[in-house]
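Inspection log for the structure reproduced underneath, given as structure tokens.
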Amino acid sequence: MANFHVEKPVASRGQQTARVARDIRGGGMNRDRWKTIASVLARQGILVAFALFLIGFSIFSDRFLSPENILSVMRSSAIIGVMALGVTVVVIGGNLDLSVGSMLSFSTVLVVDLHDKIGPAPAIGVMLVATLALGAVNGLLVGVARLNSLIVTLGMLSAIQGLTLIYSGGKNVDIVNQDQTWFKIFGRGTIADIPTPIVIFAVGAILLHLMMAYTPFGRRIYATGGNATAAVFSGVRRSRVVFLTYLISASGVAIAAIILGSRVMGSQNNVGQGYELQVLAGVILGGTSLLGGAGTIWKTVIGVLILGFIQNGLLLMGFEYYVQWLVTWVVIILAVWLDIAAKRGRLLSPIA
Amino acid sequence: MSDVAATKIPALQLKGIVKTFPGVRALDDVTFDVRAGEVHALLGENGAGKSTLMKVLAGMYQPDEGTIEIEGTPVTMRTPLEAKRRGVVLIHQELSLAEEMTVAENIYLGELPRRSLGRVDWKTLFAKSEEILKRLNCGFGPKDRVGALSIANQQMVEIARALTVDAKVVIFDEPTASLTDAEKVVLFEIINDLKARGVGIVYISHRMDEIFTLADRISVLRDGGYRGTLVAGDTTEDEVIQLMIGRSLDLSRRQHAEVKTGEVALKVEGLSCGKLFQDVSFELREGEVLGFYGLVGAGRTEIAETLFGLRRPTAGTIEIDGKETAIHSPADAIAKGISLVPESRKEQGLVLGMNCRDNITLPQVGDLTSGPFVSDGAEIAIFDQYRDTLKIKTPSWRQAVGNLSGGNQQKIVIGKWLAMHPRILIVDEPTRGIDVGSKSEIHDLIRELARSGYAVIVISSEMPEVLHVSDRILAMYHGRVIRRFTAEEVTEDSLVAAISGIEQEQVA
Ligand SMILES: Nc1ncnc2c1ncn2[C@@H]1O[C@H](COP(=O)(O)OP(=O)(O)OP(=O)(O)O)[C@@H](O)[C@H]1O
Ligand SMILES: [Mg+2]
């Protein structure tokens, strides 16, 4: 007996009726709509948060959304922003860079000190080479020697501090003729009425965005950060990719040092201290995964701007400047939490 | 018609289960039950919804609609731990162990025995684990680090996990995909033992022989819908496949038509790599499929990795197109026209968080540019081509590969390397996790590639696969080529004898 023992015939009538009934009830549709909203939030949550902040602060302070204020926030965010762009690239590649803060101190001291000694253009050149050399050290240790990036760059943070002090002998440096040098254009000047730091930040963001989103090299960085072994099996030269991400990060620092040096025209040995955390905060707020393989440049831009606007908004509302540190922390936690909650569809989950 | 089990209340019953993901209705009104003391096989094509259904069962996914009943009582299972406490344990398709921890910790993960102040009670932990491992006849101890174990042994750890509770239902999701035949025998003994003790088993596999050895009943899913249940004793392979894919398959052995081979594409002489393999020599011609058969650990994968620039040979030479060369890195191998479909899709084959298209084009992304930028059109064209050739099931190219079903992930890896149009194609366990229909299509594809001039190496632990696609077969044993066969002369018995070392004479 050919027992085709089908206990339930294929797509039975009952099944079809059930499906129709479900569609009529509309329960399924509603659920789908919620899912869509949740997934939009998951992807664009950072934008929504940004909009909410702008609205919130503008209710409390009418100066907040004035063009002057917006420009000023963007200008002061540019230094951290430029560094955050480079660090985003490193993080997407699956590593960390905690050395950017003390690297900024070093590079700023160097460029400011050399400015009067050998002239602005050579000073910039020498500083650029020196900064890239520091980035190359990171890149060699992490990319080629495959050491843990947290340890390497944390070590570099301290080593570069030492280097800076050795170079300057502990003395502050400044530029004497602050009004005459063309070097002032980077920090104090404008291009087409827009402050130069904003222009630099914007151009850097656009270039790096194009690189990450549309070039083969960008693709290789995502692949390396996402699964280094699979990337190698796909012919990606992992060491080279990681090495280059650290050079990019160092370039960001060098540019930030030019902006900072030109703006302040002088430098203490520890100007960059603590910048690494602000930079990382901007990167995280932008939703870049610290595990590597995911994130976008333009969201880092928004992350950095959110930080800037929060700090500015708090000042305008009359809080002491140190309150911003606490608030920043809360915002980061909320951002990360909402991001992950939207992805899994609920606030707390036993499975990740 | 005798159906003894039908009289019992099912140990576990799923009714009207619906589960959707963005763009995919993975389960659509599925009904399924498991009875105490039976093996219930769940079949379906890649992406049919088998793993998803089991994850619903084991508390990893919440169904959008539908009910789960355990011994007649409706339950909701919010977490895997909760499911486990209710006696439902899932052994995953993709292993999910904490590699840096010991075997014992993994077995009792989430439920480590405690002493006062929440300290782990190591003594009890190791003793209890030891006992379970003994029951499973494992060749490793509770204190070994999981990451150091072979895949098969890791699988055993997963199984050991299931034995810590008084399981009512144990689910095996493609457990044999990476097991050797000997290990399979052990696994089947365990399953039969569980069954005899009244545990209900759900068994997912794409291998028909296993299904018919083990299963009492067979249920089939297709495109997320429930297609029916058959009693294993009363049905045939053909009937099951018919229900699964809607048509019959011709699974007969290939007729060996005359192969037209061309130039020698690859010549390997005296190749050795430390203790992994020694003195391996062979020639591979254009238009030919060379099969490597042997036990896991016989050195086949290591040879492939050496040819792909992932390992340095310690002796011997490699010639490509008559010229001796050294292969320094995968990038170098790719430039020399070699592709490798690696053994492990999750670790070596895919960037799981990346979308389908970008995974397929990754090895050649540098050549798909217009100006400095990657050409979207070129990439999508490649993706579309291989989605169609390999019937990859995904809502769009934007889907992250990690969200595809296991078999469809494997197809992405194959597509990625076919898209390179290599001169020499090496595939290592190419059809792991792939359903019967697609499997025979991939075999045909490999033959087709050879006919059009590719030189192909197939490494497989599945004898029918090697027999089916190869023109010549090298049998490996303990790192050496122990025998060479041509397709005409090879028999299953001689192959088995060779790879188990029964036949020690080396035929050059
Ligand atoms: N987390 C997820 N997100 C989005 N889609 C998913 C997810 N998990 C599964 N899917 C989709 O649901 C469908 C069913 O997948 P499932 O893994 O259950 O298939 P399967 O029957 O186990 O296939 P295989 O034999 O290949 O393992 C597939 O189309 C898959 O792409
Ligand atoms: Mg599956």
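The values are calculated or read from the model by the stated rules, or taken from the named source; none is laboratory data. Quantities reported herein were computed from a predicted structural model and do not represent experimental measurements. Note that we place each Cβ from the backbone using ideal geometry, even for glycine, and neighbour counts take in every protein chain shown. Only protein heavy atoms, including side chains, enter the accessible area calculation; ligands, DNA and RNA are left aside. Shrake-Rupley method; radii C 1.70, N 1.55, O 1.52, S 1.80 Å.
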### Task
Taking a cut-off of 13 Å between Cα atoms, list the aspartates and glutamates near B:Lys123, but don't count ones fewer than 8 places away on the same chain.
B:Glu105, B:Glu131
### Summary
For the stretch B:152-235, averaging the sequence separation of alpha carbon pairs under 8 Å that lie six or more residues apart and dividing by its residue count, the contact order in percent is 25 percent
### Task
With both partners inside the protein assembly as shown, how many of the DSSP beta bridges are antiparallel, as a percent to the nearest 5?
55 percent
### Task
Just report the Cα centroid separation between the stretch A:241-286 and the stretch B:368-415, whole Å.
38 Å
### Task
Treating the Cα atoms of the stretch A:162-290 as identical point scatterers in vacuum, please give the log10 of the normalised Debye intensity I(q)/I(0) at q = 0.10, 0.16 Å⁻¹, two decimals.
-0.47, -0.99
### Task
At 10 °C and 1.306 mPa s, grab the translational diffusion coefficient of the stretch B:117-270 from Stokes-Einstein with a Kirkwood Rh over Cα pairs, rounded to a whole number in µm² per second.
83 µm²/s
### Message
Roughly how far apart, in whole Å, are the Cα centres of the stretch B:279-346 and the stretch B:76-139?
### Response
40 Å
## Note on the structure
Averaged over the residues of B:359-372, the number of partner chain Cβ atoms within 10 Å of each residue's own Cβ comes to 4
### Message
Taking only the Cα atoms of chain B, how large is their convex hull per residue, in Å³?
### Response
171 Å³
### Summary
Over all pairs of different Cα atoms in the stretch A:72-140, the reciprocal of the mean inverse distance gives a Kirkwood radius in Å of 13.2 Å
### Query
What share of the DSSP beta bridges in chain B is antiparallel, in percent to the nearest 5?
55 percent
### Message
Along the charge dipole of the stretch A:45-344, pointing to its positive end and built from +1/-1 on Cβ of Lys, Arg, Asp and Glu, which listed residue (A:Tyr322, A:Ser107, A:Leu47) has its Cα farthest out?
### Response
A:Leu47
### Task
Quick one: pull the percent of accessible area on the stretch A:45-344 belonging to carbon and sulfur, 1.4 Å probe, ligands and nucleic acids left out.
69 percent
### Normalised contact order of the stretch B:94-165, rounded percent, pairs of Cα under 8 Å and 6 or more residues apart
45 percent
### Query
Sorting A:Phe243, A:Phe319 by accessible area (1.4 Å probe), largest first, what list results?
A:Phe319, A:Phe243
### Task
For A:Gly93, enumerate residues with amide H under 5 Å from its amide H, sequence gap 5+ or separate chain, H modeled in the peptide plane.
A:Gly293
### Task
Express in whole angstrom the spacing between the alpha-carbon centres of the stretch B:19-34 and the stretch B:420-497.
36 Å
### Message
Can you pull out the trypsin sites (Lys or Arg not before Pro) in the stretch A:134-239 whose DSSP state is coil and whose Cβ has at most 15 other Cβ atoms within 10 Å?
### Response
A:Arg146, A:Lys171
### Message
Can you compute log10 of I(q)/I(0) for the stretch B:346-421 with the Debye formula, treating each Cα as one identical point scatterer, at q = 0.15, 0.16, 0.27 Å⁻¹?
### Response
-0.43, -0.49, -1.36
### Mean shadow area of the stretch A:45-344 over all directions, Cα convex hull, nm²
16.1 nm²
### Radius of gyration and Dmax over the Cα atoms of the protein assembly as shown, both given in Å
30.9, 104
## Note on the structure
Over all Cα pairs of the stretch B:94-165, the Kirkwood radius sets Rh, and Rg/Rh then becomes 0.95
### Query
Are there trypsin sites (Lys or Arg not before Pro) in the stretch B:385-487 that DSSP marks as loop and that have at most 14 other Cβ atoms within 10 Å, and which are they?
B:Arg398
#### Entry: By accessible area with a 1.4 Å probe, ligands and nucleic acids excluded, highest first: order of A:Ile258, A:Ile284, A:Ile55, A:Ile118
A:Ile55, A:Ile118, A:Ile284, A:Ile258
### Message
Residues of the stretch B:209-228 that become at least 30 Å² less accessible with every protein chain present than in their own chain isolated, using 1.4 Å: which are they?
### Response
B:Tyr226, B:Arg227
### Summary
Rounded to the angstrom and largest first, Cα extents along the principal axes for the stretch B:153-202 equal 27, 18, 15
### Query
Remind me, relative contact order of chain B in percent, using alpha carbon pairs under 8 angstrom and six or more residues apart?
15 percent
### Query
Taking both sides together, what accessible area is buried at the B/A interface, probe 1.4 Å, expressed in Å² and rounded to the nearest 100?
3700 Å²
#### Entry: Per-residue SASA entry for A:Met317, accessible area with 1.4 Å probe, Å² rounded to 10
70 Å²
### Task
Kindly report the accessible area of the protein assembly as shown per residue (heavy atoms of protein chains, probe 1.4 Å, no ligands, DNA or RNA), in Å².
43 Å²
### Query
Any idea how many Lys pairs in the stretch A:45-344 come in under 23 angstrom at the alpha carbon, given 8 or more places apart or on separate chains?
4
### Task
Given a cut-off of 24 Å, name the pairs among B:Lys346/B:Lys416; B:Lys346/B:Lys393; B:Lys84/B:Lys411; B:Lys323/B:Lys439 whose C-alpha atoms lie farther apart than that in the structure shown.
B:Lys84/B:Lys411; B:Lys323/B:Lys439
### Message
Quick check: at a probe of 1.4 Å, how many percent of the accessible area of the stretch B:357-498 sits on carbon and sulfur atoms?
### Response
50 percent
### Task
Using a 1.4 angstrom probe on the protein heavy atoms only, line up B:Arg78, B:Arg145, B:Arg222, B:Arg161 by accessible area, largest first.
B:Arg78, B:Arg145, B:Arg222, B:Arg161
### Debye, to nearest 20: dipole size of the protein assembly as shown, +1 on Lys, Arg Cβ, -1 on Asp, Glu Cβ
2260 debye
